[in-house]
1. Given the conditions (1) at pLDDT below 50; (2) of a type outside the set (Asp, Glu); (3) open to solvent by less than 40 Å² (accessible area, probe 1.4 Å); (4) out of contact with any Ser or Thr (no Cβ under 8 Å at 6 or more places or on another chain), and given that Trp95 satisfies all but one, which numbered condition is not satisfied?
2. Which residue is modelled with the highest pLDDT, if the candidates are limited to region 397-408 and must be buried (at least 18 other Cβ atoms within 10 Å of the Cβ) and hydrophobic (A, V, I, L, M, F, W, C)?
3. Would you confirm, using the coordinates I've provided, whether Glu191 is closer than 19 Å to Asn265 by Cβ and surrounded by fewer than 16 Cβ atoms within 10 Å (Cβ to Cβ)?
4. Condition first: open to solvent by 40 Å² or more (accessible area, probe 1.4 Å) and of a type in the set (Lys, Arg). Now tell me which residues in region 289-340 satisfy that.
5. Answer yes or no as to whether Thr107 is more than 22 Å from the chain's Cα centre (by Cα), of a type in the set (S, T, N, Q) and crowded, with 20+ Cβ neighbours inside 10 Å.
6. Got a number for residues in region 256-291 being assigned to a helix (DSSP H, G or I) and of a type in the set (Lys, Arg)?
7. Please list, ordered by first then second residue, the pairs with beta carbon atoms under 8 Å, 6 or more apart or interchain, first in region 142-169 and under 22 Å from Tyr130 (Cβ atoms) and open to solvent by less than 10 Å² (accessible area, probe 1.4 Å), second charged (D, E, K, R) and part of a loop (DSSP other than H, G, I, E, B).
Amino acid sequence: MAPGTAQAEQLLLHTAQRRRARDCRHAWGLSAAVLLLLLPSAAGLLPPMMFCATPPETVPLTLLSGAQEKGAVCLDGTPPGYHLQRGSGTGANNWLIHLEGGGWCSTVKDCSSRRNSELGSSNFMKPILYAGILSSDQPLNPDFYNWNRVYVRYCDGGSFSGDAEGQAPDGSTLYFRGLRIYEAVIDEVMEKGLANATKVLLTGCSAGALATMLHCDDFSAKFPQEVSVKCLADAGFFLDVKDISGERTFWSVFDGVVQLQNIRNVLPKDCLAKKEPKECFFPAELIKSIHSPMFILNSAYDSFQVRYVLIPDSLAPDNSWLCCKHNIRNCNSTQMEFLNGFRNAMVDALKVVEDKEGWGLFIDSCFTHCQTVSDISWNSPYNPHYFVQTIAEAVGDWQCGCSERVKEIDCEYPCNPTCSRQLPP
């Protein structure tokens, strides 16, 4: 088949899938509106795309084989895990690898505490339900529903990038082995079919999105040039900005992670030649060195950064700031001016993306965090839109190359009426 014919057929398939998704979203919205008129108490209880959706399946946990021998272990020494749902049909040779998020631990005390949760030990990990970009429901997720989808669990506290050991207060060993976990899981999944992929998308949310940026180029290098390999970073564009006290309090977090977990080895060498390692851990510096195609999805009013970077609890903010950090609708004009400054800093830092061929942007103005792994924020009537395009549509158009330009930056809050209270906080 001629390349032009194959591309045309792909575009027709993409268009048909998109049309069905929009029809179902429209039907969902109308039916939900009728139900809410009859039963107002149903607000917040409606399952996404309930009139078109395929019931979600529980995806079991797979523990990494030979983890101890490879030194690829969680903070407490248990083997890391991942979830795999096989693709089918036209997606049988396509793979989506998602790196889980969950913040960081920057001190021995914090990392020791994480061992008592799924963020530090596989003893607490359970089967999960796939949603959003991982969903197997075609109307909800028309571009990736039938791909092989892997969800890599996060249990190192260092964005899958550290390689060191430490000693916990009780004398036991703390394993900072995120880099080994990432490499070992990718190697194991390669043996399960990833090595034969036609299309691959590496994604991540929050700390997992930062990991996606750190590993995007070395991940792409694992495949032949004819394989389409792209990366998607969701809610990972953490900014080096001043908080409400005028200090860069968050610096100590990133500096602690870099030093404690020995993350220097994965940072861009050209950045390290000019800046401190902690500065090179920030995405504004990372993206300057990334060559592989990447899509950056972020809220310009990222709820995580508002709560933990701009208005951290360590500053003991007054009640006015506390109300603002928990719900942007409570912010007064002075506080909104401060948050708009944060938004403008993000827009400025992303200007470098404008000249990067094959890159995509979707920066909305909703008060939310991690939008790809939630059905509502990914592709529903409550999903943030830029004009008429949903996040799922923007990412799908970028991934398949069906649009020449997918670089959209929303206006200042509260200009976008599609920012719903239903979005994940």
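The values are calculated or read from the model by the stated rules, or taken from the named source; none is laboratory data. Keep in mind the model is a prediction, meaning the values are calculated, not measured. Backbone-built Cβ (ideal geometry, glycine too); neighbour counts: all protein chains shown. Remember, those area values only see protein heavy atoms, side chains included, never the ligands or the DNA or RNA. Shrake-Rupley method; radii C 1.70, N 1.55, O 1.52, S 1.80 Å.
1. So the condition that Trp95 fails would be (1).
2. Trp398
3. It is false that Glu191 is closer than 19 Å to Asn265 by Cβ and surrounded by fewer than 16 Cβ atoms within 10 Å (Cβ to Cβ).
4. Arg307, Arg329
5. Here the answer is no, as Thr107 does not meet what is asked.
6. 4
7. Asn148/Arg86; Val152/Glu100; Arg153/Glu100; Arg153/Glu118; Tyr154/Glu100; Cys155/Glu118
Conditions (1) modelled with pLDDT under 95; (2) among the basic types (Lys, Arg); (3) farther than 25 Å from Ala233 by Cβ, marked per residue:
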position	(1), (2), (3)
Arg114	no, yes, no
Asn123	no, no, yes
Gly132	no, no, no
Pro142	no, no, no
Cys155	no, no, no
Gly162	no, no, no
Gly171	no, no, yes
